[in-house]
Amino acid sequence: MIRVKSRQKIEFGDFQTPPELAVAVCRQLQAEGLVPAGVVEPTCGQGFFLEAAADIFPSVRSLVGREWNRQYVADAKARLHGCQAKVDLKQADFFEQEWPKLLRQQTGPVLVLGNPPWVTNSQLGSLGSNNLPAKSNFQRQRGIDAKTGKANFDISQWMITTLLESMPTAGGVLAMLCKTAVARKVLQQAWNSALPLARCSIRGIDSRRHFRAAVDACLLTCEVRPGEHPQTCEVFANLEDTRAESTLGIYEGRLLADRNALERHRHLLETESNKRWRSGVKHDCRDVMQLQRRGWSLVNGLGETVELEPDYLFPMMPAGKIHRGETRQTDQFLLVPQSHTGEDTSTIESKAPRTWAYLRRHADRLAARKSSIYRGRPPFSIFGIGEYSFARWKVAISALHKQLSFRVVGPQEGRPVMMDDTTYFLSLRTRKEATQVATWLNSAEVQEFLTAWIFWDAKRPITTDVLQRLRSF
């Protein structure tokens, strides 16, 4: 059972901004030339940001705060007692507040400042929480993305996007503490929606020090100015740095990690490539589908010694071996019951009776796979399988490791090598072609082009979407 205090911390993202961080943020905004007349904090907590803003910006005439926790509202009122600026603090639900109306009521330059909850909608759903926005496809995800988990989002992303969409008429500056990944998603969505963002920046903060949170976090600052659409964002290592590490941008709706790198290597952009990057086999049942050679025997993940016909058994190269370049030999094998997605598997019974008996013996485990992609499919189905999987030569890269290392993978014991879905590869005809392609992919020019699209702090930074941006060799 989740303790009440812990549940509250999770459900409402209750991480109060430390006073020293609130002061540091306001001082940085002041250094950038910000002179706000009004400060609005949508989730003001105990009022540390509003207090810092009142002390650091002598221009401030009004301080507006909204907060769901009544005790925090009382604490904030006590903290701001005696403040020279007009103070407007109320208990309110962010999701029911009319933000466009509230922001239009502010006079003079407005600063929307704060630290919205660091929690996802799926985390709240698992708690049965009602602290959620009304259901809507605000990220415009398609069906398969929802099935694979991409429909999950941080509540702060929804909140910050809502605030930016509420600001264009009045203009002003938004400055929010959030996960760095959230900041990038907010910018991508804002740029794709043509919101009038002028100067934007991302500045790293030490989330472990300030919030005891093991996540990349930042201060996202966006100036909203009607008529402005530069669609760039400078990225700084910390609050104090004066020189940006890189500049984010956007290309055909896709967020760029390094806009300048793309400009230098724009000639490498894919036009009409006939080469397609693929992911390896997805089976979601490692204990049954993957086997290891021990002496003359094959052993599965359950410790069972297995005897199978060779028809559906293929050597498998793990992502770790590919990353390390250990691609000459493998002692692992993959059971591949289909040659293409959706193929009838009942023919295995007559072609390879021992393999069929093995699959039948573990049918319950395979049927218990959670992903909805297996529903309505033939028994023992897999995904990420097709003619490309059986190419004798491949150039592959691990999606799990944060390094661009492309490796040549050739046949083993006369059989094409399979990979799992943590690996991406190109199918090629000959060793010579594979070697040439790998050499080109590992060149400095291509690597710099690819890093223009890659955010290395992402859970899986290298994706087929990134790789497919590169033209054919």
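Things to note:
- Boolean, ALA31 is crowded, with 22+ Cβ neighbours inside 10 Å, free of Cβ contacts under 8 Å to residues at least 40 places away in the same chain and closer than 19 Å to LEU220 by Cα: no
- In the set THR347, THR355, only one residue is assigned by TED's automatic domain parsing to the domain that holds GLN292 and free of Cβ contacts under 8 Å to residues at least 24 places away in the same chain; that residue is THR347.
- For ALA170, the stated conditions do not hold, so it cannot be described as closer than 18 Å to LEU21 by Cα, in contact (Cβ under 8 Å) with a residue 24 or more places away in the chain and not in a helix (DSSP H, G or I).
- Test: residue in segment 207-221 that is surrounded by 18 or more Cβ atoms within 10 Å (Cβ to Cβ), more than 24 Å from GLN16 (Cβ to Cβ) and not assigned by TED's automatic domain parsing to the domain that holds ALA452: no
- Residue in segment 6-23 that is crowded, with 22+ Cβ neighbours inside 10 Å, modelled with pLDDT under 95 and in a loop (DSSP other than H, G, I, E, B) present: yes
- The residue that is farthest from TRP456 (Cα to Cα), counting only those in segment 197-206 that are touching a helix residue (DSSP H, G or I) at 6+ places or on another chain (Cβ under 9 Å) and crowded, with 19+ Cβ neighbours inside 10 Å, is LEU197.
- Residues that are touching a helix residue (DSSP H, G or I) at 6+ places or on another chain (Cβ under 6 Å) and not in a helix (DSSP H, G or I) within segment 176-194 comprise MET176, CYS178, listed in sequence order.
- For segment 360-399, a tally of residues being on the phi < 0 side of the Ramachandran plot and free of Cβ contacts under 8 Å to residues at least 60 places away in the same chain returns 18.
Listed here are the residues, each with its yes/no results for (1) closer than 26 Å to VAL235 by Cβ; (2) without any contact (Cβ under 8 Å) to a residue 60 or more places away in the chain.
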position: ARG431; (1), (2): no, yes
position: THR439; (1), (2): no, yes
position: PHE455; (1), (2): yes, no
position: LYS459; (1), (2): yes, yes
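- Considering the conditions (1) farther than 23 Å from ALA181 by Cβ; (2) out of contact with any helix residue (DSSP H, G or I) (no Cβ under 8 Å at 6 or more places or on another chain), ARG471 is excluded by exactly one of them, (2).
- Number of the exception - GLY301 against (1) out of contact with any Gly (no Cβ under 9 Å at 6 or more places or on another chain); (2) not assigned by TED's automatic domain parsing to the domain that holds ARG415: (2)
- In segment 319-330, the residues that are in the same structural domain as THR422 (by TED's automatic domain parsing) form Cβ pairs under 8 Å with partners that are acidic (Asp, Glu), at six or more places apart or across chains, as follows: ALA319/ASP420.
- Residue satisfying condition, being out of contact with any Gly (no Cβ under 9 Å at 6 or more places or on another chain) and at pLDDT below 55, within set THR120, THR162, THR148, THR169: THR148
The values are calculated or read from the model by the stated rules, or taken from the named source; none is laboratory data. For clarity, every value in this text was computed on a predicted model and none was experimentally measured. Positions of Cβ are generated from backbone atoms using ideal geometry, with glycine treated the same way; all protein chains shown enter the neighbour counts.
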